[in-house]
Amino acid sequence: MGALMRRLESGAGGWPAQAGLRLGGALLLGGCALAVWALIVSIHRLPLHNADPAEFGEAVFSVIAWALGWALLIEGPGLFRLIPVPPRHVRFDNRRRDRRQ
């Protein structure tokens, strides 16, 4: 997994990474659509009832799948690209973090 992430961070994923991540995004959006459809069906089911934990979990899944699905579908492997921090901002230094511990 580490080697795959290093390839994605460097931008050397190629077309299989593009296709795989964008397909994963499309599948997440499809899962989101199914979850929302199931929620709509459960809302209109008689007798009227309060939401149970499964319906809350389904709603949380649909929101997360919607956000992550669009991110993967639009950006693809570019989502994992390393972005340099400008020098005028705080540097991320592991040595400073080790001193605090």
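The values are calculated or read from the model by the stated rules, or taken from the named source; none is laboratory data. A quick note: this is a predicted structure, and the numbers were derived from the prediction, not measured. For neighbour counting, all protein chains shown are included, and Cβ atoms are generated from backbone atoms with ideal geometry for every residue, glycine included. Accessible surface areas use protein heavy atoms only, side chains included; no ligands, DNA or RNA. Shrake-Rupley method; radii C 1.70, N 1.55, O 1.52, S 1.80 Å.
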Candidate set from the range 70-85 (those that are farther than 9 Å from Leu8 by Cβ and open to solvent by 70 Å² or more (accessible area, probe 1.4 Å)); member that is modelled with the highest pLDDT: Trp70
Failed item in (1) surrounded by 13 or more Cβ atoms within 10 Å (Cβ to Cβ); (2) at pLDDT 80 or above, with Ala17 passing the rest: (2)
Among (1) touching a Phe, Trp or Tyr at 6+ places or on another chain (Cβ under 7 Å); (2) outside any helix (DSSP H, G or I), the one test that Ala35 misses: (2)
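Is it the case that Leu46 is in a loop (DSSP other than H, G, I, E, B), modelled with pLDDT under 90 and either within 27 Å of Glu9 (Cα to Cα) or open to solvent by less than 70 Å² (accessible area, probe 1.4 Å) (or both)?
Values: in a loop (DSSP other than H, G, I, E, B): yes; modelled with pLDDT under 90: yes; either within 27 Å of Glu9 (Cα to Cα) or open to solvent by less than 70 Å² (accessible area, probe 1.4 Å) (or both): no.
Answer is no for this residue.
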